Amino acid sequence: ESNRAPTKDELLLGQSFLTELMEIFGITDVIAIGRAAEKTLGMLDIIPSSQIRHPSHGGANLFREGLTNFVKGQIKR
């Protein structure tokens with residue numbers, strides 16, 4: 001099995017679930033973990049999001065730093 005990127009139709013299908021969850025839980029801040037997530041959220045154009053480094057392939061420290069900065073409000077939302 002491979003870890004393939006979702007199709008545009010799959011992304012659009014997930015959009016309704018994402019917006020519903022955001023409404024139910026009052027989510028106003030979204031953070032994309034990695035460039036692929038940032039690109040996907042941009043394609044869906046639902047809500048502005050910030051992007052931080054994905055922790056894989058040696059990015060764990062930058063991921064922790066980015067997440068800490070996001071929580072502290074130091075990353076533009």
In region 47-69, what count of residues is obtained for those that are in contact (Cβ under 8 Å) with a residue 24 or more places away in the chain, surrounded by 14 or more Cβ atoms within 10 Å (Cβ to Cβ) and in a loop (DSSP other than H, G, I, E, B)? 1
Output the residues belonging to region 41-56 that are closer than 15 Å to Ile75 by Cα and of a type in the set (D, E, K, R). Arg53
Restricting attention to region 16-46, the residues that are surrounded by fewer than 16 Cβ atoms within 10 Å (Cβ to Cβ), on the phi > 0 side of the Ramachandran plot and small (Gly, Ala, Ser) number exactly 1
Residue check, Ser2 polar (S, T, N, Q), at pLDDT below 90 and over 15 Å from the mean Cα position of the chain (by Cα): yes
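The values are calculated or read from the model by the stated rules, or taken from the named source; none is laboratory data. Model, not experiment: these values are computed from the prediction. Every residue, glycine as well, gets a Cβ built from its backbone with ideal geometry; the counts of neighbours run over all protein chains shown.
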